[in-house]
Amino acid sequence: MTAIYDIQKFCNALRKGGRLDGKEGGLSDTMVLRVCNLLHQSLDAAVRARLIPSNPADGIQLPKRRRAQKQILNDAQLNTLLKAIEGDDDWHDFFYTELTTGLRRGEICALRWDDFDEAEGRLHVRRTLKKEDGALVC
């Protein structure tokens, strides 16, 4: 039981002050999760190799990822963005579509011109773009 406590204490310490670069504060929740998962996998390998009878990291509680609250543009910021993209042929349609439809990033990035029905004034969302094994896939 003390091994579980020690591993839990280690993971908590990473969150509070695990930085080696001299900056204040601890590591991000994502980095703590990665370190603790690597530790867990290493101890699993030690169990499979019969070096230890059980994985002492099995009982630890990993931190949940904290997600940053989404920022919503106010009217002045929205107008500033619209003015900035007004004359840009490459990005105007992309950002205007994003701002006015509520589509997700993958849906917007997967749009094609033939998805827009000008006669009916409709945009058909038929696919999404996502990352799979390091490659972008529609």
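The values are calculated or read from the model by the stated rules, or taken from the named source; none is laboratory data. No experiment lies behind these values; they were computed from the predicted model shown. FYI the Cβ positions are ideal-geometry reconstructions off the backbone, even for glycines, and counts take in every protein chain you see. Ligands, DNA and RNA are stripped out before the accessible areas are found, and what is left, the full protein with its side chains, is counted by its heavy atoms. Shrake-Rupley method; radii C 1.70, N 1.55, O 1.52, S 1.80 Å.
Worth a mention:
- Among the residues making up the stretch 107-122, those that are surrounded by 10 or more Cβ atoms within 10 Å (Cβ to Cβ) and under 19 Å from D90 (Cα atoms) are E107, I108, C109, A110, L111, R112, D115, F116.
- Among the candidates A49, A68, residue that is among the small types (G, A, S) and under 23 Å from C11 (Cα atoms): A68
- Condition check for R65: assigned to a loop (DSSP other than H, G, I, E, B), out of contact with any strand residue (DSSP E or B) (no Cβ under 9 Å at 6 or more places or on another chain) and among the basic types (K, R): yes
- Of note, L82 satisfies the criterion of being without any contact (Cβ under 8 Å) to a residue 40 or more places away in the chain and in a helix (DSSP H, G or I).
- Filtered by the rule that a residue be of a type in the set (D, E) and either closer than 19 Å to T30 by Cα or surrounded by 10 or more Cβ atoms within 10 Å (Cβ to Cβ) (or both), the stretch 51-78 gives a lone residue, D58.
- Within the stretch 107-138, the residues that satisfy the criterion of being aliphatic (A, V, I, L, M) and closer than 26 Å to I72 by Cβ are I108, A110, L111, L123, V125, L129.
- When G26, G22 are checked against the criterion of being at pLDDT below 75, assigned to a loop (DSSP other than H, G, I, E, B), out of contact with any Ser or Thr (no Cβ under 6 Å at 6 or more places or on another chain) and exposed (fewer than 11 other Cβ atoms within 10 Å of the Cβ), G22 stands alone in meeting it.
- Residue tally, condition open to solvent by 40 Å² or more (accessible area, probe 1.4 Å) and more than 21 Å from A76 (Cβ to Cβ), over the stretch 90-106: 6
- The condition (being in a helix (DSSP H, G or I), aliphatic (A, V, I, L, M), without any contact (Cβ under 8 Å) to a residue 60 or more places away in the chain and under 30 Å from D6 (Cα atoms)) is satisfied by just one residue among A57, A46, A76: A46.
- Filter result for D88 (in a loop (DSSP other than H, G, I, E, B) and acidic (D, E)): yes
- The stretch 5-17 residues that are under 18 Å from K64 (Cβ atoms), paired with ones that are in a helix (DSSP H, G or I) and of a type in the set (D, E) (beta carbon under 8 Å, 6 or more apart): R15/D29
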